[in-house]
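Data first, discussion second: the structure below is written as structure tokens.
Please treat every number below as a calculation from the coordinates, not as lab data. Since we're looking at a predicted model, the values are computed, not measured. Cβ sites come from the backbone with ideal geometry, for glycine too, and all protein chains shown count toward neighbours.
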Amino acid sequence: MSDRGILFLFSVLVVLGSLAAAGWLIATGQADSVDGLFLFLTCLVLAFAFGLYLAFLIRREMEVLKSRETATAKAAATAQSKPEPVAR
């Protein structure tokens, strides 16, 4: 697996874990204290930061795929527009 794939899976795991921890803090009532509120906000900031990285990673891969498609389409168009050599 590529390093980008590993980073993608790790980022998804961190986002899900952070959101789960934030939900647990609310469900158990620990987010009502000052320390719990700090932990809750820390979980949300982590989820937001890794979510932004995931959005950047997905957008970059979509741009790469789009550029490959246009390059393939241009290559196919130029191959069709060239005249075939006439055999004598």
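Find how much the distance from Ser67 to Val45 grows on full extension, using 0.36 nm per residue of separation minus their present alpha carbon separation; answer in nm with one decimal.
Answer, rounded to one decimal: 4.6 nm.
To the nearest 500 deg cm²/dmol, what mean residue ellipticity at 222 nm is calculated for the chain from DSSP H runs of n ≥ 4 alone, each contributing -39,500 (n - 2.57), summed and divided by the residues?
After summing the helix terms and dividing by the residues of the chain, the value is -30500 deg cm²/dmol.
Within the set of other residues whose C-beta is less than 13 Å from the C-beta of Phe8, count the net charge using Lys and Arg as +1 and Asp and Glu as -1.
Around Phe8, the surrounding residues sum to +1.
Normalised by the residues of the chain, what does the relative contact order come to in percent, with Cα pairs under 8 Å and at least six apart?
The normalised contact order for the chain reaches 29 percent.
Normalise the Cα radius of gyration of the chain by 2.2 N^0.38 Å (N = residues in it) and let me know the number.
2.01
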